[in-house]
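These notes are about the structure you will find just below.
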Amino acid sequence: MLNRIKHSVSDFFTEGKALEAPGLDYSVPPSFAANLPWIEISDQGLAQLEDGRSMGLFFDVTPLVTEDKTQMQLDRVVQAVTSILCSPDIVDDEHAFVVQLFARDVESGGEKIESLWERAKVKDAFTRAVLDADKRHAELIGRAQGIFSVGGRAWRGRERQVRLAVYRWMPESASPSELKANLNQLKRIRRAFLEPSSFYSQGVAVTPSSGKRIHDWLSPFFNPSGIAGETLKYRAPRSFIDQDFSERLLRSGIRSDVENGLWWFEGDKAIGTRVMELDTWGNEHFLAGALFGEVGEETLDGEKPTRPHYALFDELPSGTMMAMTLLPQTKAQARARLTRVREAAVGEEPALEAIREDCDDFNVLLEKRPLWRGQMAFYVQGENIDEIDARTQSLRSIFNSRNLSIRFIKNADQESPLDSYLRWLPMNYHPESDDKLWYCGWVWLEDMLRLSPLFGRATGTGSDLFHYYNRGGELFGFDPLSDYSSNAHLNLFGPSGSGKSATLVGQCLRLMARHRPRLFIIEAGNSFGLFGQFCERYGLSVNRIQVNAHSQGLMAPFADAKHLVGQAVPHVSDDGALDIERLNDNDSPEDDARDILGELEIMARLMITGGEQREMDDYRRADSSMVRDAIKLAAERCHQDQVQVRPSHLKQALLTFSQDPDRPEARRERARLMGEALAFFCEGLEGQIFDQEAQHWPEADVTIIDLGLYAKNGYEAQMAAAYISLINRINGIAERDQHSGRDIVTLTDEGHLIASNELLAPYAVKIVKMWRKLRAWFWLATQDLADFPAIARKMLNNAEWWVMLNMPEDELTNLSAFKKLSEPEKNLIRSMKSEKHKYKEGVVTGQDGKLMQRFTVVPPALYLALGETDGDSKARRADIMKAHGISELDAALMKAEEIEQARLNYRGEGQDALC
């Protein structure tokens, strides 16, 4: 236009040219936005449509998880949703509401990671370093080629957006009272959808959407290539003339291509869009979740189904959007249609006889199955005609696979394909203009629901502490510190090769970046050494404690005896109560009182018996009474002397009893033997560690305790005593800081080493039961459940959260001894897969059993480099250190850069990145 004005003005001042110049064209081309129906959408998803009378509702949908469901369970969901949609408020004789479902995958890059910065408890260099690594990782995964392939398909990050729309076009003759009644009816529909007994009870989360969310969903669809310097994010109206929601959606130049049946959206580059419409299908029955779920056929003998590794929708070309439109029909309307079809099938030809028989059969089915009108359309995008044609053919082939036999109208046979593009947009189908059934044919509602995006994969709780993925590449998140029902205690099980170390390091990094708790790590083997160095590098305070021959005053096993001064000493009433299996009989999560004396007796019993089974079997009720009296006596004496109670004080109290003439000879001898047994922890290395005034632990964000020497064979009693002492010290800090608002997380790695002593689990149960009230959380990780004694069942079941990584059948058998699992839950655990240098899988259970879902672990390069503990990785770090003259941490960070670069260089199948 500007060039034309320029030439016209130039011609005006050129002699003889003015009369030759063509007149300026002031006509305005038709507005694409004028074909869109939305004027405004409220914060509660209520849409006002372009005629000023009609209205609709938008909902966000989190689909039902299919990975752990049988077809029988999914069919029940289909039946329940059918009942919900067939409510009288939706199925109206005169003006039925239209129901639409949409699904589209969009690239999932680093935007969500960046938003974590705003929610981080502490915003500092450490948080920034962790989130930057996460963001780079998300951006690599979000590329079209991802960072590796699975089964010949690129595995990439994506977000599957599912929306539900309900609307009704009101006639021009509608009175104000009718318009008000329509609004009230919409409100009833919204209330019905949001009732806990509605979609939610079936595992489908339906929530009101908003203008912002609908804008941010549709804007990338209408502006597929973006526009340099412009944001596609929602903005509020700026003036009175800026009120039209549809106008605000559009940034791209838009042109129609009648010849090819395309709309071209011209942003940074032109992207064409074609709509493909359902023609028919040759299948009599679909699996529920056939398009969007991981579902498979089940055999008659009850054998578990063979499920594909992917959902069919995963295979569709990038940018494809599905639009399913459903027009409710009453039984009377359906029967009238069947009657017309049957009456028109006059003749003796076999085909006509078959039509009449089908009509009779359908009439019978109508008693139980709603017959509606519907259409399923797919929007396919591409940069040029050839790409769009190739993607169109790919979509046709995909929908003819897996016995679906779904066929689409040929492009050459489409009536007005440009109009069809507009017709299946949200709330843009007008039933009153389709009385000839040209666009919405007759369909069984249940068949359409089985193909709908109401089915999908697990995405966790929606929280963002731990970010994993599902098999489709959608983010999978959960946060034990925020999402718990009972507590945030956690067990993590991962056999060798399951990625346990990298997973744990990643959890600790995100935990500190997001919540900044006080973190205590009890380990064996320096697996968290690099993690500690990284924390220090970026400003966190780190305290390292190692048990070795030079250790002094590390433990304070009887420090809490000071609380017994002036208290009465309860005694055990019968020998049976001393059985290890019954030590927690009186413990319950609701009990506010801490059993300090019971805890200290367990410690003393451990030191006296050394954890040996024969010695523990000899421990009787009389021994218990004497040990309890000795603990109380030691506490009284130390209180007077103003010193901390140590094992030697308890030993001295027992030796005092051994010389008490008022005690029977047998009891004096028993006191002497128990006192002498305690001498083991009062002399030599054990005396240095356990029988000294406990050293003060400096205030630190992270405390890493390496059990070192005691992790070796032959030190089981010392290991258990040390562990109990450490937990006791951490408990003291938790009690001291319980009103600070800061969580405490105690992570024990290689938990099978510390659980080998049968007295340890009852102690852990006694002390950890109080931690929920102190905002202290007990996390336990192990690679070997076989070493856990049966008594550990209650300790493990204290935890609400269980994470299982690539668990083989024998470990699943061991797990079943501690946690009750149904057969579908076992099958979900069995379904976990892994591929070297690509991904691992896990299953998480939490929220008191309401959550049990599978996820895929693809760690950022930083997590991998800091969590590598195998010999080859250590040798590689040593080589880098030697070659560059750098520290071990810098060598690990250099390795992380190598991994990131390999992932960045990955271009697709046949050239997998180093993961």
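Computed from the coordinates by the stated procedures, all read-outs in this text should not be read as laboratory data. Bear in mind the structure is a predicted one, so any value in this text is a computation, not a measurement. Reconstructed Cβ throughout: ideal geometry from the backbone, glycine too, with neighbour counts over all protein chains shown.
I need the phi-derived Karplus couplings for the stretch 497-513: 6.51 cos²θ - 1.76 cosθ + 1.60, θ = phi - 60°, integer Hz, Gly and Pro marked x.
Per residue, the Karplus-derived 3J(HN,Hα) values read x, 8, x, 4, 4, 5, 5, 5, 4, x, 5, 5, 4, 5, 4, 6, 6 Hz.
Of the options 45, 384, 328, report the single residue whose Cα projects farthest towards the positive end of the charge dipole of the chain (beta-carbon charges: Lys, Arg +1; Asp, Glu -1).
Farthest along the dipole direction, towards plus: 45.
Running Debye on the stretch 862-905 with equal point scatterers at the Cα sites and no solvent, what base-10 log of I(q)/I(0) appears at q = 0.22, 0.24, 0.34 Å⁻¹?
Calculated log10 I(q)/I(0) at the listed q: -0.68, -0.79, -1.20.
Given the -39500 (n - 2.57) contribution per DSSP H run of 4+ residues, what per-residue ellipticity at 222 nm results for the chain, rounded to the nearest 500 deg cm²/dmol? All intermediate terms of the calculation are to be shown ahead of the outcome.
On the way: 31 runs with 345 residues, N = 915.
It comes out at -11500 deg cm²/dmol, rounded to the nearest 500.
If the cut-off is 20 Å between C-alpha atoms, which lysines fall inside it for residue 820, apart from same-chain ones fewer than 8 positions away?
Of all the lysines, those that pass the test against residue 820 - Cα under 20 Å, at least 8 places apart if same chain - are 69, 304, 794, 850.
Need the list of lysines near residue 410 for cross-linking: C-alpha distance under 19 angstrom, and skip anything on the same chain fewer than eight residues off.
Leaving aside lysines fewer than 8 places away in the same chain, none come within reach of residue 410.
Given R₀ = 30 Å, FRET efficiency for residue 89-residue 216 by Cβ-Cβ distance, to 0.05?
With R0 = 30 Å, the Cβ-Cβ based efficiency is 0.55.
Figure the gain on full extension for residue 279 and residue 907 (residue separation times 0.36 nm, minus the Cα-Cα span) and round it to one decimal in nm. Numbers along the way, then the final one.
Details: separation 628, 0.36 × 628 = 226.08 nm, distance 3.70 nm.
Full extension from residue 279 to residue 907 adds 222.4 nm.
Suppose a student asked you for the relative contact order of the stretch 754-808, using Cα pairs under 8 Å spaced at least 6 residues apart; what percent would you report?
Values: 29 pairs, mean separation 27.3, N = 55.
The value is 50 percent.
Starting from the Cα of residue 850, step 7 Å along the direction of its Cβ; do the same at residue 700; then give the gap between the two resulting points in nm.
Spacing of the two 7 Å Cα→Cβ label points: 3.8 nm.
What is the set of long-range amide H partners of residue 748 at a cut-off below 5 Å, with H atoms built 1.01 Å from backbone N?
Those qualifying (amide H under 5 Å, at least 5 residues apart or on another chain) are 522, 779, 780, 781.
Taking θ = phi - 60°, what integer Hz values does the Karplus form 6.51 cos²θ - 1.76 cosθ + 1.60 yield along the stretch 410-426, in sequence order, with x for Gly and Pro?
Listing the rounded values in order: 5, 4, 5, 9, 5, 8, 6, x, 5, 5, 4, 4, 6, 4, 9, 5, x Hz.
Rank 440, 851, 355 by how far each Cα sits towards the positive end of the charge dipole of the chain (+1 on Lys, Arg Cβ; -1 on Asp, Glu Cβ) and give me just the farthest.
Looking along the dipole axis, the top candidate is 851.
To the nearest 20 debye, what charge dipole does the chain have about its Cα centre, counting +1 at the Cβ of each Lys and Arg and -1 at the Cβ of each Asp and Glu?
With only Lys, Arg, Asp and Glu charged at Cβ, the dipole is about 1380 debye.
For the pairs 500/826; 712/836; 840/895; 269/838; 112/819, note any where the Cα-Cα span goes beyond 24 Å. Walk me through the numbers before you get to the answer.
Details: 500/826 20 Å; 712/836 31 Å; 840/895 20 Å; 269/838 33 Å; 112/819 35 Å.
Flagged as over cut-off: 712/836; 269/838; 112/819.
Which FRET efficiency value, to the nearest 0.05, is calculated for residue 463 and residue 793 with the Förster distance at 25 angstrom and r the Cβ-Cβ distance? Walk me through the numbers on the way to the answer.
Numbers: r = 28 Å, r/R0 = 1.14.
After rounding to 0.05, the efficiency reads 0.30.
Taking amide H atoms as placed 1.01 Å from N in the peptide plane, list the residues 5 or more away in sequence, or in a different chain, whose amide H sits under 5 Å from that of residue 692.
Long-range HN contacts for residue 692: 553.
Within the stretch 300-383, report the trypsin sites (Lys or Arg not before Pro) that DSSP leaves as loop and that have at most 15 other Cβ atoms within 10 Å. Don't skip to the answer; put the middle values down first.
Values: sites: 331, 335, 337, 340, 342, 356, 368, 373; in loops: 368.
Here the sparse-neighbourhood loop sites are 368.
Label 7 Å along Cα→Cβ of residue 121; the stretch 763-778 residues with amide nitrogen under 18 Å?
771-778
Separation between the residue 672 and residue 205 pseudo-spin-labels, each 7 Å from Cα along Cα→Cβ, expressed in nm?
Taking the two extended label points, one gets 6.9 nm.
If each of residue 346 and residue 361 carries a label point 7 Å out from its Cα toward its Cβ, how far apart are those two points in nm?
Using points 7 Å along Cα→Cβ, the separation is 2.6 nm.
Where does each of 765-772, 451-458, 721-728, 636-643 land if you order them by average Cβ count within 10 Å, highest first? All intermediate terms of the calculation are to be shown ahead of the outcome.
Details: 765-772: 21.2, 451-458: 26.6, 721-728: 24.1, 636-643: 12.9.
Listed from highest to lowest mean packing, they are 451-458, 721-728, 765-772, 636-643.
Karplus couplings for the stretch 356-365 from phi (6.51 cos²θ - 1.76 cosθ + 1.60, θ = phi - 60°), rounded to Hz, Gly and Pro as x?
These are the phi-based 3J(HN,Hα) values: 5, 5, 4, 4, 5, 5, 5, 4, 5, 5 Hz.
Excluding residues fewer than 8 places away in the same chain, name every one of the lysines whose C-alpha is closer than 22 Å to that of residue 331.
Cα-Cα hits under 22 Å: 368, 436.
Students often check this: by mean Cβ neighbours within 10 Å, which of 782-795, 858-871 ranks highest, and how do the rest follow? Before the final figure, lay out each step's value.
Values: 782-795: 18.9, 858-871: 22.1.
Result, highest mean Cβ count within 10 Å first: 858-871, 782-795.
Go through 509-517, 41-49 and give me the packing order, highest mean Cβ count within 10 Å leading. Write down the numbers at each step before the final one.
On the way: 509-517: 22.6, 41-49: 18.4.
So the order, starting with the most tightly packed, is 509-517, 41-49.
Considering only DSSP states other than H, G, I, E and B, which chymotrypsin sites (Phe, Trp or Tyr not before Pro) in the stretch 86-130 qualify as loop sites with at most 10 other Cβ atoms within 10 Å? Before the final figure, lay out each step's value.
Numbers: sites: 97, 102, 117, 126; in loops: 97.
Those that pass, being in a loop and sparsely packed, number zero.
Can you figure out the FRET efficiency of residue 536 with residue 565, using R₀ = 35 Å and their beta-carbon distance, to the nearest 0.05? List each step's numbers first, then the result.
Details: r = 40 Å, r/R0 = 1.15.
Calculated transfer efficiency: 0.30.
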